[in-house]
Amino acid sequence: MVRISRRTAIKSALFGGAVAVGATTASATESVEPPADARGLLYDATLCIGCKACVTACKDANGLPADTAGPHGLWDRPDDLNAKTKNIIKLYRSGDTTSFVKRQCMHCVDPACVGACMMGALKKREYGIVSWDGSKCVGCRYCQIACPYNIPKFEWEMAGFYNPKIVKCELCRHRLAEGRDPACTEVCPRHAVIYGTREELLKEAHRRIAANPTLYQPNVYGEHDGGGTQVLYLSHVPFDKLGLPALGGESAAATTRKVQGTIYKGFVAPVALYGVLATIISRNQRRAGEEGERS
Amino acid sequence: MQSRRDFVRLCTMAAAAIGLGPAAAEQFVQAAEKGRKPSVLWLQFQECTGCTESLLRTSHPAIDDLILDLISLDYHETLFAAAGHQAEAALKSAMRDNAGKYICIVEGAIPTKENGIYCMIGGRTAIEIVNDVAAHAGAIIAIGSCASWGGVPSADPNPTGASPAHDILKGKTVVNIPGCPANPYNLLGTVLQYATYGTLPALDAEGRPKFAYGQTVHEHCPRRAHFDAGRFAEKYGDEAHRNGYCLYKIGCKGPVTYANCSVQHFGDVDGAWPIGIGHPCFGCTEKGVGFTIPMHQTVDIIRPTGPSTYPPIVQPQGTVSPIATGVAGLIVGGLAGAGYMASKKLNTLPTDASGTEKPEV
Amino acid sequence: MSRSETLEPVGGPLWTRPMQVLTALFLAGIAVTLYRFVMGIGAIANLNDGYAWGAWKPISVIVFTSMASGGYATALLLYVFNRRKYAAVSRTAILTSALGYTTGVIVLGIDIGRPWNFWRIVNPGWWNFHSVLLEVAVCISTYIIFLWLEMAHPLLEGAGQSGQWSFRELARRLTPALDSAYPFIVAMAIVLPTMHQSSLGSLFLLAGVRVHPFWQTPLVPLLFLFSCYVMGYAFVVLTSLLSSLAWRRPLEMEALTSLSRVMSSIVAAFVLVRLGDLAWRGQLTRLSVDGWSLLFYAELLLLAVPAVLSFGLDRHASPQKLFLLAASTLLGGSLYRLDTSLVAFMPGAQWRYFPSVLEMLVTIGFAALAVMGYIAIVKRFPILPGVRHAGAHA
């Protein structure tokens, strides 16, 4: 006859309880507000002349090598953000309409990458800056799957084997710590990209739209998109043409929390399921034992 | 005789030539009027005298204004009327009278093999002379690539052991003004600054004034736009060469050469500098480049910057290998085929005929 | 020849031709793995920043562990719903699960870029509780322990019958404890895969609009759960049929036809939820004949056609039919999971990806290891019912 020993029952309850406590301490709020000291960038595509000083300044400030892959290897000519390039200027051209666009991490208010990161290597830190801590990263690259802007880049090449990093703009945290501004904003000759608190930047962005409504698209990209971002965009051409995807107002991280939260709220369901199953199976085993059967 | 007004004008020009303002000009005037023209002792060793010649061709200030009104050139073998014992005596007395204050300018490399016998003047080796003169100098300036890093005499196999001044004068601050010839305005700027303020300009890690050697030729080349756009001359006289396109591909050393030739042309003639006349820079200021790397061999770009093209919003990335696709297809097909063949054989096996019995313990 | 009532090792030589081929494949996989650890992932894989997950996570983990869900799916029938007829295939199912998950996790360890930090998972204080991948990693790691605990029974029994005294002693001491703990082990071995098999689907909720709307739905955890049952049963059917074929043994037709019927019911539920979900989200009208739609139809047909054909199954069904129906179902379920995790993942118009040959070698090499493990363990431990030949004693 199978006995459910008290010891085993207590042990399994304790285990389930411990995990439940752990899960409930991380209660998920449905939507996330930007931190009070949120800082970011405002990029005005109508002012950008495509000089790429920001690209070079970013490389210098972050100690990144030039991306000389290409026919002659003479230029730093990344095709896109990559493990050597945290900031890039791209060109949109359609007939007579042109626009430059500066792409880098959007420092989302509710980042999908932060929601993805298993060990919390990617976190929102001071000023809401999303930054990567290599000591915690296992290189699973879930952040690359999650990011709607395709920002985190992984060091695939051989030089990266010993320490492949996730590379992305971190708003020049190291410079902010010394009281300096992000390198791209410091060097831009037309102040097309500026640095400030998110509130200030939003105000400025709306002021520009109001002052020049025929020039700008009527909305500020990043105000609400995907739950909001701390890097904001103004443009004269539609944002999707510049490669900025159309996202709803709810961040994917919030959606995931909702779905998982429904299933795992307080970890009640798994623990309850375990209790029910253990009971049923024990009883079945006992009956099987009584009837001279065993699996 | 020159009027005071002309003199002031001269000082203003001199100040302007080295990027200093009217205040400096005023100070030049005052220094000169007080009779405090700095003493300059110019030593010449393994050199072609090109740097001196280059100095002779300046015009603001012109050499005569320079040596008559702004400085006191107390020793210069080429320009001296005197020779022999008289010249030696002039050197000795200048050293004595201006000890600790004179500017020692070294032109030419100093041979070191066999105790330096390959350059001897007045019975003394170059090593002895430079050590002697530099010992009591207020400032030491090495003019030209030879004095700055060895130059032509030091080219492989360097049979005389030609060395730059700073290698002989270890422990002393030596301002290096490389170039073959050095741009005379770089020298003038340094000398006049020292004469007026008693200070030397900010120097880089190789002792070169940053105001002249802070950037590579590539960084302020007037043909840079052609480089960024990928417009290169492939050989002398071709269409691109005639159009004044970038000379990188025919061996321009601009990307690895720190100098200001592109902004301060030679002989006061606009466009009179190597690239300006259609010849690639050969890196005369740089040790390891000039007289070392073959003239038409291309160099790596130290700090690549962007081209004048832009990536589009969407640029195809990632590759699909047709071999891999083929292999995958074969695997899937193979498994499917094998599975089907296996399934046919199943019908030949006996089924479990034991009904609903349950397995025992 | 008939099937005896005791479970026995199949016996026979281990170093057969199939084992040699499998070993060669496995060694090739190991060679590529070593190269990966010396030269970095980029040197062997075609992965890129758009398709950061390629053959390894979607196939070796998401698809293969679902195939290896037979242990979970069968345990539900056998231990919870008390259907004794599945006892004949339950150990097969658990063994395929144990091997499938273990090799899947090994490939996961090869896939991640900074595996030296993985030890941090042991401290819940360092967990990001919002991360679905964390839940998957913790659950799968824990589940493997419980799978091998479930395997302890046949392993200990085999040890108990071995010639080695020390193994027999070990079996003698551990078996009673194992018996009393068994319900709790099995309960965990059901709760854990319920959690992570559904969460393998939830992983892609975070990708939002980057998964095609035919596959992106809040119901993805439910669909993944159904698909793992379906694929688990299908894989058990196939494994059992192939085992019988390989070693000329009686077929377990009763258990397998029942399993196929259960499988078909769940397929029906899956198809209903799938279509219902598309209708409710307004996606049904977008089906046409473009690539995405064709992919959707393929999944559906591969799953639905066998399900429909299975409803008439009885004990006299031909084993070939059973095999083909199970194979089609397995393909359909696999395709659904592969689509959600890889094919319908749209990082952007500029990205292209197909696994490189070396990536495929790693997947194949470790799949070969699982098959080798199955063959070796089945031959040396009591997994399958014994075979009684005419005139032989029990």
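The values are calculated or read from the model by the stated rules, or taken from the named source; none is laboratory data. Everything numeric in this text was worked out from a predicted model, so none of it was measured. Neighbour counts run over all protein chains shown; Cβ positions are idealised from the backbone, glycine included.
Let me confirm something: among B:ALA165, B:ALA126, B:ALA155, B:ALA142, which residue is more than 30 Å from B:ALA15 (Cα to Cα) and crowded, with 24+ Cβ neighbours inside 10 Å? If you could, list the steps in order and put the result at the bottom.
Values: B:ALA165 fails: more than 30 Å from B:ALA15 (Cα to Cα); B:ALA155 fails: crowded, with 24+ Cβ neighbours inside 10 Å; B:ALA142 fails: more than 30 Å from B:ALA15 (Cα to Cα).
Being more than 30 Å from B:ALA15 (Cα to Cα) and crowded, with 24+ Cβ neighbours inside 10 Å holds for just one of B:ALA165, B:ALA126, B:ALA155, B:ALA142, which is B:ALA126.
Would it be correct to say that C:ALA87 is at the interface with chain A (Cβ under 9 Å from one of its Cβ atoms) and touching a Ser or Thr at 6+ places or on another chain (Cβ under 9 Å)? Quick ask: steps written out before the conclusion?
Values: at the interface with chain A (Cβ under 9 Å from one of its Cβ atoms): yes; touching a Ser or Thr at 6+ places or on another chain (Cβ under 9 Å): yes.
Considered against the rule, which asks whether it is at the interface with chain A (Cβ under 9 Å from one of its Cβ atoms) and touching a Ser or Thr at 6+ places or on another chain (Cβ under 9 Å), C:ALA87 comes out as yes.
So which residues in the range A:59-107 are part of a helix (DSSP H, G or I) and within 9 Å of another protein chain (Cβ to nearest Cβ), if there are any at all? Show your work before the answer.
Filtering the range A:59-107 for residues part of a helix (DSSP H, G or I) gives A:59-62.
Within the range A:59-107, A:LYS59, A:ASP60 meet the criteria.
Within the bounds of the range C:371-392, is there any residue that is more than 12 Å from chain B (Cβ to nearest Cβ), in contact with a Phe, Trp or Tyr (Cβ under 9 Å, 6 or more places away or on another chain) and of a type in the set (Phe, Trp, Tyr)?
For the range C:371-392, residues more than 12 Å from chain B (Cβ to nearest Cβ), in contact with a Phe, Trp or Tyr (Cβ under 9 Å, 6 or more places away or on another chain) and of a type in the set (Phe, Trp, Tyr): absent.
Hand me the list of helices (runs of 4 or more DSSP H) wholly inside the range C:150-266 holding 2 or more residues that are within 14 Å of chain A (Cβ to nearest Cβ), of a type in the set (S, T, N, Q) and in contact with a Leu (Cβ under 9 Å, 6 or more places away or on another chain).
On the way: elements: C:152-160, C:165-202, C:220-246.
The helices (runs of 4 or more DSSP H) meeting that bar are C:165-202.
Residues are listed down the side, and each one gets a yes or a no for (1) assigned to a helix (DSSP H, G or I); (2) of a type in the set (Asp, Glu); (3) more than 9 Å from chain C (Cβ to nearest Cβ):
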| site | (1), (2), (3) |
| --- | --- |
| A:VAL237 | no, no, yes |
| A:ASP240 | yes, yes, yes |
| A:LEU244 | no, no, yes |
| A:ALA254 | yes, no, yes |
| A:LYS258 | yes, no, no |
| A:LYS265 | yes, no, yes |
| A:GLY275 | yes, no, no |
| A:GLN285 | yes, no, no |
| A:ALA288 | yes, no, no |
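Could you tell me whether C:ASN82 is within 11 Å of chain A (Cβ to nearest Cβ), at positive phi and either of a type outside the set (A, V, I, L, M) or surrounded by fewer than 21 Cβ atoms within 10 Å (Cβ to Cβ) (or both)? Before you say what the answer is, go through the steps one by one.
On the way: within 11 Å of chain A (Cβ to nearest Cβ): yes; at positive phi: yes; either of a type outside the set (A, V, I, L, M) or surrounded by fewer than 21 Cβ atoms within 10 Å (Cβ to Cβ) (or both): yes.
Considered against the rule, which asks whether it is within 11 Å of chain A (Cβ to nearest Cβ), at positive phi and either of a type outside the set (A, V, I, L, M) or surrounded by fewer than 21 Cβ atoms within 10 Å (Cβ to Cβ) (or both), C:ASN82 comes out as yes.
Do the conditions hold for C:ALA269, that is, is it under 19 Å from the mean Cα position of the chain (by Cα), within 25 Å of C:CYS139 (Cβ to Cβ) and part of a helix (DSSP H, G or I)?
Spelling it out, it is not the case that C:ALA269 is under 19 Å from the mean Cα position of the chain (by Cα), within 25 Å of C:CYS139 (Cβ to Cβ) and part of a helix (DSSP H, G or I).
Filter the range C:182-220 down to the residues that are free of Cβ contacts under 8 Å to residues at least 24 places away in the same chain and over 21 Å from A:VAL114 (Cβ atoms) and list them by number.
C:PHE184, C:ALA187, C:VAL191
Looking for something in contact (Cβ under 8 Å) with a residue 12 or more places away in the chain, among the basic types (Lys, Arg) and either part of a loop (DSSP other than H, G, I, E, B) or farther than 28 Å from B:HIS166 by Cα (or both) - is there at least one such residue anywhere in the range B:295-305?
no
Condition check: part of a loop (DSSP other than H, G, I, E, B) and modelled with pLDDT under 95. Does C:PHE129 satisfy that?
Working: part of a loop (DSSP other than H, G, I, E, B): yes; modelled with pLDDT under 95: yes.
So C:PHE129 fits the description; yes.
Under the condition of being out of contact with any Leu (no Cβ under 7 Å at 6 or more places or on another chain) and within 13 Å of another protein chain (Cβ to nearest Cβ), which residue from the range C:9-32 is surrounded by the most Cβ atoms within 10 Å (Cβ to Cβ)?
The selected residue is C:LEU25.
Does the range A:73-83 hold any residues that are closer than 26 Å to B:LYS249 by Cα and touching a helix residue (DSSP H, G or I) at 6+ places or on another chain (Cβ under 9 Å), and which are they?
Those that are closer than 26 Å to B:LYS249 by Cα and touching a helix residue (DSSP H, G or I) at 6+ places or on another chain (Cβ under 9 Å): A:LEU74, A:TRP75, A:ASP76, A:PRO78.
For A:CYS113, are the conditions met, namely being touching a strand residue (DSSP E or B) at 6+ places or on another chain (Cβ under 6 Å) and within 11 Å of chain C (Cβ to nearest Cβ)? First the steps, then the outcome.
On the way: touching a strand residue (DSSP E or B) at 6+ places or on another chain (Cβ under 6 Å): yes; within 11 Å of chain C (Cβ to nearest Cβ): yes.
Against the criterion (touching a strand residue (DSSP E or B) at 6+ places or on another chain (Cβ under 6 Å) and within 11 Å of chain C (Cβ to nearest Cβ)), A:CYS113 qualifies.
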